[in-house]
């Protein structure tokens with residue numbers, strides 16, 4: 001009986017097949033869903049074969065173009081970091097009250113009882129890790145800007161990005177081991193981050209349920225080894241720090257062995273030069289280690305390691321829940337953008353939207369890092385500016401791309417203009433900018449001051465505190481659908497309305513654009529299928 | 001497809017127990033990383049285990065005689081730790097601030113209303129915030145222009161959240177079963193989502209005795 005039932009399901013019965021054979025959007029979507037598993041497997045197998053981890057398929061290009069030698073250099077630096085790390089493990093003590101001292105002993109090698117070349121080994125480990133991040137970042141950008149993730153090389157980009165993220169996490173777990181102030185506070189911020197997973201707004205479907213499952217607290221406890229930072233955290237981080245690098249390296253070595261790749265596409269001289277540069281930096285700029293961790297005092301200003309600085313600045317400008325979602329979401333957004341780039345063109349001038357996404361990323365990274373190092377932050381002024389610029393970058397890219405497509409297809413302007421894409425950007429850019437400008441939850445205090453003075457002048461019976469409380473009640477909050485009644489009567493719901501326009505407009509343009517795109521796609525497929533049928537069964541003359 | 005039905009069935013029948021076994025193995029692995037007291041599948045969704053801590057003295061009334069006198073203190077909370085010791089004393093820094101009598105809610109006859117006692121762990125992302133008694137530092141270092149008349153604020157150096165100790169913000173929660181619906185330290189600037197975490201206290205023999213702390217922060 002069961003066998004019959006399963007065979008009935010597996011045999012794709014007639015009523016299911018009829019759904020597949022049906023034409024139009026629904027039929028095609030159903031077809032896609034029906035074949036999703038095998039298609040995904042095929043897709044992965046094809047990409048897996050073409051995956052390029054260390055530019056091993058660019059050996060010839062690497063001889064003349066240093067951009068293609070990045071993979072080889074990256075691998076070499078990784079080897080240096082691993083080897084120096086193994087040597088450091090001999091002296092490092094992963095216990096809270098000895099960690100800092102053991103590093104000090106490794107570093108200050110001119111003192112009595114010192115460890116010869118300890119400072120150099122540590123310097124190679126530290127600066128090697130920095131070079132690792134730099135080279136990995138440059139390589140990700142190279143793949144992005146040259147469009148080499150196209151034509152079946154998507155997995156190359158995805159894996160490069162994942163290794164960069166793992167490398168950053170490895171760096172974070174690594175600098176806690178020093179047990180200095182920067183490490184302690186960075187770890188605190190990092191471990192407090194997942195707690196926002198338990199604070200989903202209840203209007204999200206299933207939000208309350210996710211909150212009740214304590215996934216954020218569970219994550220934080222798995223990271224920290226308890227409910228606070230302590231000895232268990234250090235041993236855990238030590239283990240993760242070592243494990244991530246080493247397991248990945250084994251994985252790569254296995255791949256190199258299986259496919260008999262050339263491991264590094266750089267010459268021995270290049271390896272020697274890279275090693276010398278790191279060595280020279282180590283000697284002239286000894287690796288710093290700050291002051292011992294003190295959970296009672298947060299120094300002001302406090303900075304994270306350089307590759308987290310931009311993210312750290314972003315946290316200042318955002319509602320924390322949104323900031324958490326964004327931080328996790330940025331790599332996901334990059335991956336989505338990757339799959340939106342469907343055209344085969346790789347040349348610089350022929351894919352301007354995606355170039356501008358990359359350029360925007362570079363600009364935010366550099367400018368945000370500069371701002372936080374110099375402690376420049378005007379919470380009220382900055383957020384709208386950044387939202388505005390983000391939309392602007394996309395729009396510039398869009399119009400350049402539009403001009404290109406018009407020329408390529410020899411088309412009229414309205415034939416290639418994507419009103420939904422432009423509408424999407426314009427609505428989100430302007431509404432988000434204005435929302436952050438007028439209805440922002442930050443700096444409401446400064447904004448409300450003149451209003452409060454006005455209110456006090458009109459009604460002398462009010463105390464300052466009462467006036468303040470009335471204003472506070474009318475303050476727009478980050479609540480999507482409920483404009484406070486008091487705000488409407490006070491005639492100041494501007495922030496809320498803008499936020500609603502933003503969300504509704506955004507979703508509307510997205511849904512409309514998707515529906516129209518799908519209809520076009522289905523029609524194209526039907527025409528192609530008809531063409532195949534017409535070819536297979538030529539009509540008999542006279543029939 | 002129809003020819004392969006028997007093979008597919010056998011494959012399905014062997015795959016199901018393998019999937020089940022891997023789920024169980026993953027569950028055990030997660031329990032390895034997070035050995036909570038709650039057992040079974042509940043362990044995947046259980047809140048953190050808690051350990052009771054002894055009451056500790058934060059300050060004496062003689063320390064805080066004038067308005068806006070404040071004292072930093074460390075409350076050592078026993079927290080769960082997945083190490084050989086099982087627990088560790090996590091240092092929770094705190095502030096006791098004496099409020100002026102003019103602040104609403106301060107009753108000159110009831111010493112318990114004179115003080116604001118908060119954990120210094122910023123509810124935003126866990127840094128330790130400071131007590132800022134002057135206007136210039138607040139506007140220069142923390143990007144906050146305080147309204148007149150000036151009084152001190154709490155402000156966090158990491159992401160520039162500023163809290164007003166004289167005003168309460170509505171938020172519901174519990175400290176060891178005793179529920180509250182508002183807390184002092186309203187957020188007036190910066191990205192913080194809520195006022196600082198609270199501590200329950202008693203005044204015994206002119207000493208301010210911290211009895212329990214609100215959970216949730218990373219110590």
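A few points about this structure:
- Qualifying residue in segment B:189-198 (condition: more than 14 Å from every other protein chain (Cβ to nearest Cβ) and under 18 Å from the mean Cα position of the chain (by Cα)): yes
- Put simply, of B:178, B:188 the only residue that is under 30 Å from residue A:319 (Cβ atoms) and in contact with a helix residue (DSSP H, G or I) (Cβ under 7 Å, 6 or more places away or on another chain) is B:188.
- Selection within segment A:288-316 - surrounded by 19 or more Cβ atoms within 10 Å (Cβ to Cβ) and more than 27 Å from residue A:162 (Cβ to Cβ): A:289, A:293, A:295, A:298, A:316
- All positions within segment A:304-321 that are over 21 Å from residue A:130 (Cα atoms) and more than 9 Å from chain B (Cβ to nearest Cβ): A:314
- Count - residues of segment A:228-248 that are within 11 Å of chain B (Cβ to nearest Cβ) and in contact with a helix residue (DSSP H, G or I) (Cβ under 8 Å, 6 or more places away or on another chain): 8
- Residue within segment B:133-151 that is farther than 30 Å from residue A:233 by Cα, within 21 Å of the chain's Cα centre (by Cα) and assigned by TED's automatic domain parsing to the domain that holds residue B:63 present: no
- For segment A:381-399, filtered to residues that are more than 18 Å from residue A:427 (Cβ to Cβ) and surrounded by fewer than 17 Cβ atoms within 10 Å (Cβ to Cβ), the residue that is nearest to the chain's Cα centre (by Cα) is A:385.
- Condition check for residue B:186: free of Cβ contacts under 8 Å to residues at least 40 places away in the same chain and crowded, with 17+ Cβ neighbours inside 10 Å: yes
- Matching helices (runs of 4 or more DSSP H) fully within segment A:36-133 where at least 3 residues are touching a helix residue (DSSP H, G or I) at 6+ places or on another chain (Cβ under 6 Å): A:70-88, A:96-107
Listed here are the residues, each with its yes/no results for (1) without any contact (Cβ under 8 Å) to a residue 40 or more places away in the chain; (2) exposed (fewer than 11 other Cβ atoms within 10 Å of the Cβ); (3) in a loop (DSSP other than H, G, I, E, B).
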site	(1), (2), (3)
B:24	yes, yes, no
B:41	yes, yes, no
B:54	yes, yes, yes
B:72	no, no, no
B:103	no, no, yes
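- Selection status of residue B:170, part of a strand (DSSP E or B) and over 23 Å from residue A:315 (Cβ atoms): yes
- Beta carbons closer than 8 Å, at least 6 apart along the sequence or on distinct chains, pair a first residue in segment B:75-95 that is more than 9 Å from chain A (Cβ to nearest Cβ) and touching a residue at least 60 places away in the same chain (Cβ under 8 Å) with a second that is assigned to a loop (DSSP other than H, G, I, E, B) and surrounded by 23 or more Cβ atoms within 10 Å (Cβ to Cβ) for B:94/B:120.
- Test: residue in segment B:203-216 that is closer than 30 Å to residue B:50 by Cβ, more than 9 Å from every other protein chain (Cβ to nearest Cβ), part of a loop (DSSP other than H, G, I, E, B) and out of contact with any strand residue (DSSP E or B) (no Cβ under 7 Å at 6 or more places or on another chain): yes
- Residues being away from every other protein chain (no Cβ under 14 Å), within 22 Å of residue B:207 (Cα to Cα) and not in a strand (DSSP E or B) - total across segment B:105-141: 8
- Qualifying residue in segment B:119-126 (condition: at pLDDT below 90, closer than 26 Å to residue A:373 by Cβ and surrounded by fewer than 20 Cβ atoms within 10 Å (Cβ to Cβ)): no
- Residue in segment B:9-22 that is touching a residue at least 12 places away in the same chain (Cβ under 8 Å), assigned to a helix (DSSP H, G or I) and more than 9 Å from chain A (Cβ to nearest Cβ) present: no
- Test for residue B:63: is it in the same structural domain as residue B:81 (by TED's automatic domain parsing) and surrounded by 11 or more Cβ atoms within 10 Å (Cβ to Cβ): yes
The values are calculated or read from the model by the stated rules, or taken from the named source; none is laboratory data. What you see is a predicted model; the values in this text were computed from it and never measured. Using ideal geometry, Cβ is built from the backbone for each residue, glycine included, and neighbour counts are taken over all protein chains shown.
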